[in-house]
Amino acid sequence: GAGVSQSPSNKVTEKGKDVELRCDPISGHTALYWYRQSLGQGLEFLIYFQGNSAPDKSGLPSDRFSAERTGGSVSTLTIQRTQQEDSAVYLCASSLATAGGFQETQYFGPGTRLLVL
Amino acid sequence: AQSVTQPDIHITVSEGASLELRCNYSYGATPYLFWYVQSPGQGLQLLLKYFSGDTLVQGIKGFEAEFKRSQSSFNLRKPSVHWSDAAEYFCAVGNSGGSNYKLTFGKGTLLTVNP
């Protein structure tokens, strides 16, 4: 079946502009996660959704970052007034639920590569 | 706070040789441990995971990993590497005592396979 998809695959923007990154999770997956992969930094957790709610936003690096999820499906990560340090690959993952905790595998999308000039 | 260390940034092996990628974690309770692989331009794919029980875990693509509590390690192994194994490998730990969804990743080990 279809996996997690993300769009766009690549995004180049100018410093100060806003960007929106989209994630389409696997159908039926109620949990959705955003991670950021920066050069030399590995993957950092950003935010987690259970349904449309985000009980944990602790990983968002600043108030310029926000995310929403609608209909328990698609999620959008928005970065306002982008800075050069926002350049990274933004990965989305989904899983069936978190009631089973880590018993539920997180399936990752291919990521959006963001470059801020 | 939990942390994951992958001491080797880059490893090069010859095709057919054995492979061991190291992973050490710092966590007080019983960890949930994972290995993911990322091929160029691809998302992360789960290779294997350890929750409890047998400390030697078998995964996909012929990989295995062994959990050693005394060494706080979860090293990934493969007896004979194929050229298609060239990729970046990430070890991750989940917090069993708190949030049961947040993964903490190591910085990755890039594997190059020589013909």
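Can you pull out the residues in region A:47-58 that are part of a loop (DSSP other than H, G, I, E, B), more than 9 Å from chain B (Cβ to nearest Cβ) and under 28 Å from A:G16 (Cα atoms)? Please lay out each step first, then the result.
Taking region A:47-58 first, the residues part of a loop (DSSP other than H, G, I, E, B) are A:51-52, A:57-58.
Adding the requirement that they be more than 9 Å from chain B (Cβ to nearest Cβ) leaves A:51-52, A:57.
Passing the criteria: only A:K57.
Consider A:P61 carefully, then state whether it is part of a loop (DSSP other than H, G, I, E, B), of a type outside the set (A, V, I, L, M), within 25 Å of B:E88 (Cβ to Cβ) and within 11 Å of chain B (Cβ to nearest Cβ).
On the way: part of a loop (DSSP other than H, G, I, E, B): yes; of a type outside the set (A, V, I, L, M): yes; within 25 Å of B:E88 (Cβ to Cβ): yes; within 11 Å of chain B (Cβ to nearest Cβ): no.
No, not satisfied.
For region B:11-49, name all the residues that are part of a loop (DSSP other than H, G, I, E, B) and more than 14 Å from chain A (Cβ to nearest Cβ). Give the derivation first.
Narrowing region B:11-49 to residues part of a loop (DSSP other than H, G, I, E, B): B:15-18, B:22-23, B:27-31, B:39-43.
Across region B:11-49, the qualifying residues are B:E15, B:G16, B:A17, B:S18, B:R22, B:G28.
Just to check your reading of the model, which residue among A:T82, A:T105 is buried (at least 20 other Cβ atoms within 10 Å of the Cβ), more than 11 Å from the chain's Cα centre (by Cα) and of a type in the set (V, I, T)? I'd like the intermediate steps shown before the answer.
Numbers: A:T105 fails: buried (at least 20 other Cβ atoms within 10 Å of the Cβ).
Only one candidate passes the filter, namely A:T82.
Can you tell me which residues in region A:59-79 are of a type in the set (S, T, N, Q) and either touching a residue at least 12 places away in the same chain (Cβ under 8 Å) or surrounded by 14 or more Cβ atoms within 10 Å (Cβ to Cβ) (or both)? Give the derivation first.
Step one: list which residues in region A:59-79 are of a type in the set (S, T, N, Q), which gives A:62, A:66, A:70, A:73, A:75-76, A:78.
Across region A:59-79, the qualifying residues are A:S66, A:T70, A:S73, A:S75, A:T76, A:T78.
From the list A:L114, A:L77, A:L91, exactly one residue is part of a strand (DSSP E or B) and touching a helix residue (DSSP H, G or I) at 6+ places or on another chain (Cβ under 8 Å). Which is it? It would help to see each step written out before you state the result.
Numbers: A:L77 fails: touching a helix residue (DSSP H, G or I) at 6+ places or on another chain (Cβ under 8 Å); A:L91 fails: touching a helix residue (DSSP H, G or I) at 6+ places or on another chain (Cβ under 8 Å).
The match here is A:L114.
Being touching a residue at least 24 places away in the same chain (Cβ under 8 Å) and of a type in the set (D, E) narrows it down to one residue among A:D56, A:D86; which is it?
Values: A:D56 fails: touching a residue at least 24 places away in the same chain (Cβ under 8 Å).
None of the other options fit; the residue is A:D86.
Anything in region A:32-46 that is touching a residue at least 24 places away in the same chain (Cβ under 8 Å), under 18 Å from A:S95 (Cα atoms), at the interface with chain B (Cβ under 10 Å from one of its Cβ atoms) and not hydrophobic (A, V, I, L, M, F, W, C)? List them, or say none.
A:Y33, A:Y35, listed by residue number.
Look through region A:10-40, keep the residues that are polar (S, T, N, Q) and part of a loop (DSSP other than H, G, I, E, B), and return whichever of them is surrounded by the most Cβ atoms within 10 Å (Cβ to Cβ).
Filtering region A:10-40 down to residues polar (S, T, N, Q) leaves A:10, A:13, A:27, A:30, A:37-38.
Remaining after also requiring part of a loop (DSSP other than H, G, I, E, B): A:27, A:30.
Working: A:S27: 9, A:T30: 18.
Of everything passing the filter in region A:10-40, A:T30 is surrounded by the most Cβ atoms within 10 Å (Cβ to Cβ).
Where a number appears in this text, it was derived from the coordinates with a stated rule and is not lab data. What you see is a predicted model, and the numbers here were worked out from it, not measured in a lab. Here Cβ is always computed from backbone atoms with ideal geometry, including for glycine, and neighbour counts include all displayed protein chains.
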